[in-house]
Amino acid sequence: MFDFSIVTKWFDELLRVTCGLSNFWAVLIECVVVGLAILLAYALLAIVLIFMERKVCAYFQCRIGPVRVGWWGTLQVLADVLKMLIKEIFAVDKADKLLYY
């Protein structure tokens, strides 16, 4: 196993000694960096698992699977995320707001 205390000690010294930050700001920045690293790891894991799920489902259905976007369909998950982010949400004017949403 890799000892992460070496990396954290180096980063702590970088913030405190080289940048001259106080203890509060150094710890705050370290916590934010660790949190972002954990979020990035979960996001990458989700992308890989969704890709694998699509490939397995395609195999069960005797078809190729996602192959249109990127190399062997690797960017299909990102294309789906982009599609959902820019999708227009609209409602009928006379629709009941409580029941519609």
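Within region 19-42, is there a residue that is of a type in the set (Ser, Thr, Tyr) and in contact with a Lys or Arg (Cβ under 9 Å, 6 or more places away or on another chain)?
Looking for residues that are of a type in the set (Ser, Thr, Tyr) and in contact with a Lys or Arg (Cβ under 9 Å, 6 or more places away or on another chain), one finds at least one in region 19-42, hence yes.
Being under 23 Å from the mean Cα position of the chain (by Cα) and at pLDDT 85 or above narrows it down to one residue among GLY73, GLY35; which is it?
GLY35
Pick out the one residue from VAL48, VAL33, VAL56 that is part of a helix (DSSP H, G or I), within 20 Å of TRP10 (Cβ to Cβ) and out of contact with any Leu (no Cβ under 8 Å at 6 or more places or on another chain).
Going through VAL48, VAL33, VAL56 in turn, the sole match is VAL33.
Restricting attention to region 33-75, and to residues there that are loosely packed, with under 11 Cβ neighbours inside 10 Å and among the aromatic types (Phe, Trp, Tyr), which single residue is farthest from VAL7 (Cα to Cα)?
Across region 33-75, the extreme among qualifying residues is PHE60.
The values are calculated or read from the model by the stated rules, or taken from the named source; none is laboratory data. Worth saying up front: this structure is predicted, and the values here are computed from it rather than measured. Positions of Cβ are generated from backbone atoms using ideal geometry, with glycine treated the same way; all protein chains shown enter the neighbour counts.
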